[in-house]
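Here the structure comes first, spelled out in structure tokens, and everything after it is commentary.
Computed from the coordinates by the stated procedures, all read-outs in this text should not be read as laboratory data. This one's a predicted model, so the numbers in the text were calculated from it and none came from an experiment. No Cβ is skipped: glycine too gets one built from the backbone with ideal geometry, and neighbour counts run over all protein chains shown.
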Amino acid sequence: MGESMSRYSIVERLTNKKLNLLDEKAMLSQEITETANDIEIMEKDLVNWEDDALQDLKREKEDRLRLIEKEKHKLTNLQKFKSEKENNYNEKIGQLDKAMESITEISKEAGTS
């Protein structure tokens, strides 16, 4: 009976070792599967990040283009305003020149009399 018990113990130990190895083998496969899934998720996240970054870049570009157009419009208005103001100043300067010429003429006539 002792011999059969020891055979039984050996078989039990071998069976337990086999079960442990099968568990480790399954965990290895599971770890590979989980890592592959993690990589797939990371790749999808990268694609989503790239799409988001492109959309953000597109929005930023549109905002900057709008700002440029706004500044161009402002420049056009300033240039138009400048021309009108310059014309107004030139007209006033012309009137002052005429007034000064009149005073000079009056002074010459008054000085010669």
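Below are the figures for this structure:
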quantity: GNM top mover of Ile32, Ile41, Ile93 - the chain, alpha-carbon springs below 10 Å; calculated: Ile93
quantity: Most mobile of Leu65, Leu57, Leu96 in a GNM of the chain (Cα contacts under 10 Å); calculated: Leu96
quantity: Cα-centre dipole for the range 1-70 with unit charges at Cβ (Lys and Arg positive, Asp and Glu negative), debye to 20; calculated: 280 debye
quantity: Unit charges at the beta carbon, dipole of the range 3-79: most positive-side option, Ile39, Leu67, Met27; calculated: Leu67
quantity: Partners for Lys25 among lysines (Cα-Cα distance below 25 Å; same-chain residues under 8 apart left out); calculated: Lys17
quantity: Computed P(r) (all Cα pairs; the chain; 10 Å bins; percent); calculated: 10, 11, 10, 9, 9, 8, 8, 7, 6, 5, 5, 4, 3, 2, 1, 1, 0
